[in-house]
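Engineer: I have a structure I would like to understand better, so I am pasting it below and will then ask my questions one at a time.
The values are calculated or read from the model by the stated rules, or taken from the named source; none is laboratory data. Just so it is clear, the structure is predicted and the values come from calculations on it, not from any experiment. In this analysis, Cβ positions are derived from the backbone assuming ideal geometry, glycine residues included, and neighbour counts consider all displayed protein chains.
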Amino acid sequence: MNSRVERKKRKISPYSIMFFIILAVIGGVSLFQIMDKREHREVQKAANTFIQLVENKEYEKLGDVLEKQSYTSLDYTLEEVIDKYDHIFNGISSKNIHASNITLEKINNHEHELSYQLSFTTPLGTLEKLNYQTTLKKADGHYRVKWDPSLILPGMEGKDKVAFHYIEAERGEIKDHFGNGLAVNEEFKWVGVVPKELGQGSEKENTLQSISQQFGIPIEEIHQKINQSWVKDDLFVPLKIIESDKAEVIPGVAYQNTKLRYYPLKEAAAHLIGYIGNVTKEDLDKNPNFAEGDMIGKAGLEKALDQELRGRDGGEILIVDEQGNQKEVIQRVEKVDGEDIQLTIDSYIQLEAVKHLNGNAGSTVVMNPKEGGLYAVVSSPSYDPNKMVQGLSQKEYDQYANDENKPFISRFAVGYAPGSTFKTITASIGLDAKVTYPDKLSNIKGLSWKKDGTWGSYSVTRVSNVQNVDMRKALIYSDNIYFAQEALEMGEKTFRNGLNQFIFGEELELPIVMNPAQISKQRSFDSEILLADTAYGQGELLITPIQQAAMYTVFQNEGKLVYPKLLVDKSERKTKSAITSSTAHEMKKSLTEVVSDPNGTAHLLYNSSHQLAAKTGTAELKMKQGEKGNENSFLLAFDAEQDSFLLLSLVEQYTPGSSATQMNQSFIEQLFLYLN
């Protein structure tokens with residue numbers, strides 16, 4: 001009994017007490033750390049959630065993260081806060097909202113300070129790193145954001161609003177070398193109706209029928225437009241765009257002004273100038289600087305020079321008070337109108353070049369052979385670019401799309417076998433190589449020839465059975481056999497080296513998309529037959545009409561090739577030596593005989609009052625020898641006295657009476673009168 005009492009009275013060791021105290025302290029610290037980490041995670045989560053909602057424009061979820069007292073004390077409801085975010089950020093078309101430099105600092109056990117920066121883009125450009133600051137406050141066991149209007153845009157307070165003024169840049173105009181408009185900005189009229197002014201019943205239907213007939217709008221299309229879901233009795237419903245001077249007072253018709261791109265030459269320059277149109281989703285995906293509703297170049301020079309022509313829109317984003325008074329500028333960008341671009345094109349020559357093709361599928365290029373400026377770059381048939389801007393009906397589109405002559409193809413930028421016009425290049429290379437010379441005779445018999453039995457059934461053919469052919473006669477009669485034989489005598493190395501002095505394989509410095517001129521598919525000819533065929537403009541040659549025109553400038557420039565250009569600038573002309581000056585003189589003389597000699601293939605163009613040099617050509621398109629294929633007709637013609645112009649014209653699949661020579665006979669006469 002005594003021993004039990006003694007055990008009860010035994011004192012606890014001081015060391016034990018110290019041990020328990022240390023355990024308690026350690027446990028308390030650990031618990032505090034755990035609680036502190038949990039607290040930090042909750043704060044971090046609340047901050048991240050709020051920022052993600054702003055970045056993703058999920059404003060309808062803001063009620064989950066905002067402290068109610070903070071906005072109600074400012075006389076806002078939650079719906080008003082959500083609407084304010086929505087109207088401002090979507091009103092200024094903000095995109096790519098991104099938060100950075102996010103920091104959290106503890107104020108006390110129930111409050112943390114949140115700081116961050118926002119960057120986003122508007123139609124005016126990118127707004128970088130706007131500074132935001134607020135407090136996260138714990139209430140009812142959750143951290144919530146203390147809200148005020150400065151969390152929308154820094155500097156906002158109370159019932160401030162945001163004003164967005166957008167100033168559209170004027171698109172630069174495209175003009176010819178005299179300053180005449182090729183792509184201009186003009187005032188047009190929207191033809192439309194206001195439903196309540198149409199009357200009722202039969203009166204309304206009669207009025208709509210009258211409008212349909214007056215403006216060529218199908219009545220079904222009118223009904224479809226006035227029955228759209230957004231239409232109200234007192235709203236203007238647009239139907240069709242017309243030129244301002246065609247607006248007449250007609251019962252039931254209303255008009256509104258609009259500014260549009262206009263192409264005065266219409267079909268005559270459509271492929272060269274192109275047209276503009278609304279950006280597509282694909283355009284927006286490719287270029288973040290575009291915005292919905294933007295008008296950009298869709299084809300031709302409008303597309304190639306879009307950046308220079310479009311300029312840069314301007315405007316400003318302002319914080320204003322309830323009365324609309326300016327308080328602070330958030331973003332301001334000055335409008336920069338697009339550049340006007342002047343071309344070497346001559347509107348008169350362009351129009352006449354189209355006119356003389358007479359609707360045939362083909363192309364005509366007229367060039368200043370001394371300076372390189374392109375006076376006319378034509379493709380036929382064509383389309384009206386104004387319809388692309390003003391609105392193309394399904395019927396009109398189907399007519400273009402179903403046209404077997406493919407009016408959307410820019411034939412001046414398509415590679416063709418150049419036919420017999422290319423014999424001028426072969427002769428030039430032969431003269432410089434001392435293989436060909438003007439009086440060298442070749443005794444050719446019959447209308448076909450082949451080198452030997454290794455050619456099998458293949459032979460070169462010609463049109464005229466002329467014996468003892470020299471270079472001049474070969475050009476006058478356009479003798480395929482003569483030039484095939486000359487190329488074979490030169491050999492591939494000499495001939496190809498001569499061709500490489502021209503522009504084969506080169507990208508021209510023109511705002512026109514085209515493949516480089518091609519000698520052959522491979523780096524060398526795989527047969528003597530291909531070498532022979534190339535000599536008279538067939539084989540695997542592919543040269544665009546623009547490239548052909550450039551190559552033939554050697555005859556008017558002492559053997560120097562003058563590169564073509566479209567833009568009027570002060571830079572010096574670009575040239576390269578291709579043949580010797582003596583060869584150029586000899587060829588110029590021989591090509592005038594192709595016109596003056598009664599047997600010349602271009603004698604139709606002869607006029608004793610001026611000196612014209614020319615070479616005609618045909619390129620036959622067939623799968624194998626012996627069959628009859630379609631033929632493309634070519635004409636090279638130039639002023640051999642004043643050197644005022646060079647013309648290259650093509651007519652695809654021509655028929656008797658519509659060769660390039662016949663189509664351009666009177667046009668050449670006009671060029672002499674106009675340019676000399």
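Engineer: Exactly one of these conditions fails for V54: (1) within 14 Å of V145 (Cβ to Cβ); (2) of a type outside the set (S, T, N, Q); (3) out of contact with any strand residue (DSSP E or B) (no Cβ under 7 Å at 6 or more places or on another chain). Give me its number.
Structural biologist: V54 satisfies all of (1) within 14 Å of V145 (Cβ to Cβ); (2) of a type outside the set (S, T, N, Q); (3) out of contact with any strand residue (DSSP E or B) (no Cβ under 7 Å at 6 or more places or on another chain) except (3).
Engineer: Could you tell me whether the range 194-202 includes any residue that is among the basic types (K, R) and exposed (fewer than 15 other Cβ atoms within 10 Å of the Cβ)?
Structural biologist: Checked the range 194-202: at least one residue is among the basic types (K, R) and exposed (fewer than 15 other Cβ atoms within 10 Å of the Cβ).
Engineer: May I ask you to say which residue of Q653, Q611, Q642 is out of contact with any strand residue (DSSP E or B) (no Cβ under 8 Å at 6 or more places or on another chain) and in contact (Cβ under 8 Å) with a residue 24 or more places away in the chain? Step through it out loud before you land on a result.
Structural biologist: On the way: Q653 fails: out of contact with any strand residue (DSSP E or B) (no Cβ under 8 Å at 6 or more places or on another chain); Q611 fails: out of contact with any strand residue (DSSP E or B) (no Cβ under 8 Å at 6 or more places or on another chain).
After applying the criteria, what remains is Q642.
Engineer: Hey, another quick one. Could you list, in sequence order, the residues of the range 497-518 that are more than 30 Å from L305 (Cα to Cα) and hydrophobic (A, V, I, L, M, F, W, C)?
Structural biologist: Narrowing the range 497-518 to residues more than 30 Å from L305 (Cα to Cα): 497-501.
If the condition is that a residue be more than 30 Å from L305 (Cα to Cα) and hydrophobic (A, V, I, L, M, F, W, C), then L499 is the only one that fits.
Engineer: Between A291, A270, which is surrounded by 14 or more Cβ atoms within 10 Å (Cβ to Cβ), out of contact with any Leu (no Cβ under 9 Å at 6 or more places or on another chain) and not assigned by TED's automatic domain parsing to the domain that holds N96?
Structural biologist: Details: A291 fails: out of contact with any Leu (no Cβ under 9 Å at 6 or more places or on another chain).
Answer to the selection: A270.
Engineer: For residues in the range 356-405 being in contact (Cβ under 8 Å) with a residue 40 or more places away in the chain and in a helix (DSSP H, G or I), which is surrounded by the fewest Cβ atoms within 10 Å (Cβ to Cβ)?
Structural biologist: Here the residue is Q390.
Engineer: Among the residues of the range 464-472, are any within 18 Å of G617 (Cα to Cα), polar (S, T, N, Q) and surrounded by fewer than 22 Cβ atoms within 10 Å (Cβ to Cβ)?
Structural biologist: Yes, the range 464-472 contains a residue that is within 18 Å of G617 (Cα to Cα), polar (S, T, N, Q) and surrounded by fewer than 22 Cβ atoms within 10 Å (Cβ to Cβ).
Engineer: Does A254 count as more than 30 Å from R411 (Cβ to Cβ) and touching a strand residue (DSSP E or B) at 6+ places or on another chain (Cβ under 6 Å)? Before the answer, list the steps.
Structural biologist: Details: more than 30 Å from R411 (Cβ to Cβ): yes; touching a strand residue (DSSP E or B) at 6+ places or on another chain (Cβ under 6 Å): yes.
When the stated conditions are applied, A254 passes them.
Engineer: Restricting the search to the range 203-220, which residues are within 42 Å of the chain's Cα centre (by Cα) and either surrounded by fewer than 14 Cβ atoms within 10 Å (Cβ to Cβ) or basic (K, R) (or both)?
Structural biologist: The answer is Q209, Q213, Q214, G216, P218, I219, E220.
Engineer: Next question, about the same structure. Would you point out the residue of the range 295-326, among those that are without any contact (Cβ under 8 Å) to a residue 60 or more places away in the chain and touching a Lys or Arg at 6+ places or on another chain (Cβ under 8 Å), that is surrounded by the most Cβ atoms within 10 Å (Cβ to Cβ)?
Structural biologist: So the residue we want is G297.
Engineer: State all residues of the range 531-565 that are surrounded by fewer than 19 Cβ atoms within 10 Å (Cβ to Cβ) and of a type outside the set (D, E, K, R); if no residue qualifies, say none.
Structural biologist: Within the range 531-565, Y563 is the sole residue that qualifies.
Engineer: Something else now. Considering each of E205, E186, E168, E197 in turn, give the residue that is farther than 21 Å from L392 by Cβ, in contact (Cβ under 8 Å) with a residue 60 or more places away in the chain and not aliphatic (A, V, I, L, M). Show your work before the answer.
Structural biologist: Numbers: E205 fails: in contact (Cβ under 8 Å) with a residue 60 or more places away in the chain; E186 fails: farther than 21 Å from L392 by Cβ; E197 fails: in contact (Cβ under 8 Å) with a residue 60 or more places away in the chain.
Exactly one of E205, E186, E168, E197 is farther than 21 Å from L392 by Cβ, in contact (Cβ under 8 Å) with a residue 60 or more places away in the chain and not aliphatic (A, V, I, L, M), namely E168.
Engineer: Somewhere in the range 506-516, is a residue at positive phi, at pLDDT 95 or above and touching a Pro at 6+ places or on another chain (Cβ under 8 Å)?
Structural biologist: Residues of the range 506-516 at positive phi: none.
No, the range 506-516 contains no residue that is at positive phi, at pLDDT 95 or above and touching a Pro at 6+ places or on another chain (Cβ under 8 Å).
Engineer: Also: Select from the range 223-267 the residues that are touching a Phe, Trp or Tyr at 6+ places or on another chain (Cβ under 8 Å) and in a helix (DSSP H, G or I) and list them in ascending order.
Structural biologist: S244, E267 - these are the residues of the range 223-267 that are touching a Phe, Trp or Tyr at 6+ places or on another chain (Cβ under 8 Å) and in a helix (DSSP H, G or I).
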